[in-house]
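S.K.: This is the structure I want to talk about, given as structure tokens.
The values are calculated or read from the model by the stated rules, or taken from the named source; none is laboratory data. It should be emphasised that the depicted structure is a prediction, and the values quoted were computed from it without experimental measurement. Cβ placement follows ideal geometry from the backbone for every residue including glycine, while neighbour counts extend to all protein chains displayed.
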Amino acid sequence: MMTLHVLKYGTLCSFRPFNREADGSLRTLPAKHVDTGMGFERLTSILQNKMSNYDTDIFMPLFDAIHKLAGDGIQRYSGKVGSDDVDKVDMAYRVVADHIRTLSFAIADGSQPGNEGREYVLRRILRRAVHFGHQKLKTKPKFFSSLVNFFVQMMGDVFPELKDNEKKIHDMIRDEEESFENTLAKGYEKFKKAADAVKENGGTVLSGQDAFILWDTYGYPIDLTEVMAIDYGLTVDKEGFNASMEEARQKARNARHKAGGNSIVMDANATAQLRNQGLASTDDSPKFMWPKEHGSVVKAIYTGSEYIATASGYEDLGLVLESTSFYAEQGGQIYDTGRIEGSFGTFNVNNVQVFAGYVLHIGSFTEGSKALSVGDSVICKVDYDRRTLIAPNHTCTHMLNFALREVLGDHVDQKGSIVLPEKLRFDFSHGKPVQPEDLRKIESIVNQQIKDELDVYASEIKLEDAKRINGLRAVFGEIYPDPVRVVSVGRKVEDLLANPESKEWLSISTELCGGTHISNTRDAKAFALISEEGIAKGVRRITAVTAGCASQAMELASSIDCDVSEASQLEGAILDKQIASIKNKLDAAAIPAARKADLRGMVSKLEDQLRKAKKKMGEQNIQKAVKTAMDAAEAALSEKKPFCVTHVDVGLDTTAVREAVIKVMAQKGLPVMLFSTDESSNKAVIYAGVPPNTPSGFKVLDWLTPSIAPLKGRGGGGKNGVAQGQGNDASQLKEAMELANNIAAMKLS
């Protein structure tokens with residue numbers, strides 16, 4: 001809710017004292033501000049006496065550049081808006097120009113298109129611009145990224161960060177543009193099909209489910225779908241879209257709740273109430289003094305919608321304490337769990353979050369607990385066994401960050417992390433997959449630091465002093481307090497501060513971090529880098545484990561290695577079966593990624609060995625089958641027998657049996673039926689051939705089908721006089737061959 005005022009010089013200002021709630025009521029905001037609206041573009045339009053920002057020299061050169069990229073017959077920008085802009089061409093000019101500016105500046109400032117939060121906003125902006133360019137301006141692929149160079153030339157002197165990051169901006173936009181263009185046509189076809197169906201049925205509204213599918217499957221933001229719908233004379237069922245979106249979110253929430261319990265959120269009004277009551281932020285410094293129990297006092301009890309003075313029997317409740325030893329989820333590290341105990345009984349803590357400085361302990365009372373009131377004394381009992389699993393993963397995340405920079409280069413920046421009891425996950429900037437040999441080096445660097453038993457130090461110092469430390473790592477976009485906590489591996493923070501510019505500090509891990517850590521790297525015991533994958537353009541993800549999980553991963557890798565070595569001594573069908581078993585085991589195995597790549601290479605060699613053996617065996621089988629069949633045919637001719645039936649004994653090698661049948665037909669001109677069996681599976685393969693010069697009453701399938709009945713066989717084919725069959729009871733081979741001989745003798749007598 002805002003109140004508008006016009007100041008002395010005509011500037012439109014907004015004073016924003018309220019927030020309008022869902023029920024329509026107004027709630028006073030905890031903080032108020034004034035928005036003058038006098039940005040760079042508006043000032044320029046005043047100075048250049050233009051009615052629109054788009055008519056200034058900030059945009060007009062861009063419109064000219066876009067026109068050069070537009071398709072044949074597309075008019076120049078004419079400033080039309082609303083109903084005057086019939087084909088929405090001028091709107092497309094404005095969208096493309098505005099969005100290339102937004103993306104270029106945002107990427108230069110360190111952001112990038114992605115899947116969540118502000119990064120998803122950038123992705124939506126880019127996709128909207130690409131759609132308008134293709135649909136309204138008839139541009140060619142990659143037109144949008146080609147505008148980057150022109151825009152940098154235009155604005156780079158005033159904003160030098162554009163020049164400094166020109167290649168990065170161009171490459172990132174190009175990659176995103178290419179990715180969207182790959183699905184753009186499919187998505188648009190899906191939209192057209194849905195829109196046409198609506199119009200054919202006399203409707204005017206595109207369903208929310210169709211809009212959701214466009215978003216979920218093809219990456220079409222809802223506002224883009226709405227624009228496309230307008231072109232079709234349709235509207236979009238926004239409520240239906242939101243319902244589908246909420247259903248998808250609820251499924252995700254349910255999955256999260258199964259993993260970590262329900263969550264209670266304190267909004268700005270809730271935290272403002274505490275602040276207005278004079279309640280200080282929670283002192284959570286005791287979280288670093290572990291493993292210790294910590295005494296505290298209950299300062300607030302929150303139900304999720306209101307504060308209450310006394311509580312008992314609530315399933316989900318939030319407690320704010322004066323101080324706490326529980327770690328609230330932040331900086332990628334998961335929250336602590338445990339118990340809060342007192343004279344009232346026990347409150348089980350299954351989630352801990354921080355809101356505006358207030359640590360909220362979320363959980364429920366155990367059965368039999370009495371009422372808990374604000375002001376009661378309590379004891380914090382963190383599940384330190386669980387934190388003992390989390391801490392080495394967090395410290396190894398720091399060491400991994402250091403190792404990545406050492407192996408891949410200084411361009412590596414942290415893009416996110418998750419530290420859990422069972423694993424750690426680290427996202428970082430890198431433009432291509434990390435090769436197995438580099439993964440091995442990265443893993444080795446971390447394990448060497450564990451082996452070196454380095455002490456882990458942490459100190460709270462001034463932010464300004466921390467930033468002077470050479471090699472200090474921080475996460476872009478994080479807002480750090482002042483003073484800030486510095487965690488270093490192998491050297492005291494005081495040593496770093498004594499000579500902050502020293503190049504020596506480039507060889508150790510030093511980061512700004514508020515998480516909990518092990519005191520010495522030896523406590524991590526071992527580190528295994530399990531997987532490396534791409535999650536977005538220019539962003540890779542590593543998953544790793546430490547301690548017992550790492551040891552298990554290495555032992556499993558060794559076990560599979562032994563399986564491969566044993567398999568190398570096998571051959572034939574047994575080797576084939578063992579290779580399949582190893583591949584299945586390897587695909588599912590959580591083992592070091594570099595070892596997995598090595599093992600896959602070893603299995604591939606075994607497969608090559610098997611293929612060569614099969615090829616050689618196939619050639620030998622063909623020679624054997626042809627010779628046996630030709631000898632049998634010669635014997636039949638010498639006995640003046642007008643057909644040939646024999647057993648060629650090449651297992652289930654259908655190629656060899658078929659080849660022998662064709663050779664006998666071609667060279668001897670005899671009807672022929674060949675049987676071959678496999679003792680281990682008790683199966684048989686059968687081929688029969690009848691040459692064209694055979695009397696017309698003798699058909700190959702009429703001969704084959706009844707002959708293989710004793711084998712419980714089935715047959716088919718007959719094209720070019722050749723038919724094939726399979727039998728599931730090779731023990732009846734003698735009976736089948738006798739039947740084949742009798743049928744042929746009777747038909748050809």
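So that you can scan it fast, the table gives a plain yes or no per residue for (1) in the same structural domain as residue 461 (by TED's automatic domain parsing); (2) on the phi > 0 side of the Ramachandran plot; (3) aliphatic (A, V, I, L, M):
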| residue | (1), (2), (3) |
| --- | --- |
| 526 | yes, no, yes |
| 547 | yes, yes, yes |
| 564 | no, no, yes |
| 579 | no, no, yes |
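S.K.: Is it the case that some residue within the range 502-510 is assigned to a strand (DSSP E or B) and surrounded by 15 or more Cβ atoms within 10 Å (Cβ to Cβ)?
M.R.: Yes; the residues of the range 502-510 include at least one that is assigned to a strand (DSSP E or B) and surrounded by 15 or more Cβ atoms within 10 Å (Cβ to Cβ).
S.K.: Can you confirm whether residue 93 is closer than 29 Å to residue 232 by Cα and either touching a Phe, Trp or Tyr at 6+ places or on another chain (Cβ under 9 Å) or not assigned by TED's automatic domain parsing to the domain that holds residue 159 (or both)?
M.R.: yes
S.K.: Shifting gears a bit: Considering (1) without any contact (Cβ under 8 Å) to a residue 12 or more places away in the chain; (2) not in a helix (DSSP H, G or I), say which one residue 642 fails and leave the rest.
M.R.: Unmet condition: (1).
S.K.: I'm told residue 395 meets every condition in (1) under 29 Å from residue 533 (Cβ atoms); (2) outside the structural domain of residue 528 (by TED's automatic domain parsing); (3) hydroxyl-bearing (Ser, Thr, Tyr) except one. Can you identify the failing condition by its number?
M.R.: Only one criterion is unmet by residue 395, namely (2).
S.K.: Could we say that residue 716 is part of a strand (DSSP E or B) and either surrounded by fewer than 16 Cβ atoms within 10 Å (Cβ to Cβ) or without any contact (Cβ under 8 Å) to a residue 12 or more places away in the chain (or both) here?
M.R.: Here the answer is yes, as residue 716 does meet what is asked.
S.K.: Within the set of pairs 6+ apart or on separate chains, which have a first residue in the range 380-394 that is more than 15 Å from residue 419 (Cβ to Cβ), a second that is among the polar types (S, T, N, Q) and not in a helix (DSSP H, G or I), and C-beta atoms under 8 Å apart?
M.R.: As it stands, the answer is 380/296; 380/324; 380/325; 382/325; 382/337; 383/337, since those pairs meet every condition given.
S.K.: Surrounded by fewer than 18 Cβ atoms within 10 Å (Cβ to Cβ), more than 29 Å from residue 423 (Cβ to Cβ) and not assigned by TED's automatic domain parsing to the domain that holds residue 422, is that true of residue 309?
M.R.: Answer is yes for this residue.
S.K.: While we're here: Going through the range 284-329 one residue at a time, which ones are within 25 Å of residue 481 (Cα to Cα) and among the charged types (D, E, K, R)?
M.R.: 284, 287, 299, 322, 329
S.K.: Output the number of the condition that residue 473 fails; it satisfies all remaining conditions of (1) out of contact with any helix residue (DSSP H, G or I) (no Cβ under 9 Å at 6 or more places or on another chain); (2) touching a residue at least 40 places away in the same chain (Cβ under 8 Å); (3) not β-branched (Val, Ile, Thr).
M.R.: Evaluating residue 473 over (1) out of contact with any helix residue (DSSP H, G or I) (no Cβ under 9 Å at 6 or more places or on another chain); (2) touching a residue at least 40 places away in the same chain (Cβ under 8 Å); (3) not β-branched (Val, Ile, Thr) leaves (1) as the failure.
S.K.: Select the helices (runs of 4 or more DSSP H) contained entirely in the range 384-497, then report the ones holding at least 2 residues which are crowded, with 19+ Cβ neighbours inside 10 Å.
M.R.: In the range 384-497, 384-408, 436-451 are the helices (runs of 4 or more DSSP H) which contain 2 or more residues that are crowded, with 19+ Cβ neighbours inside 10 Å.
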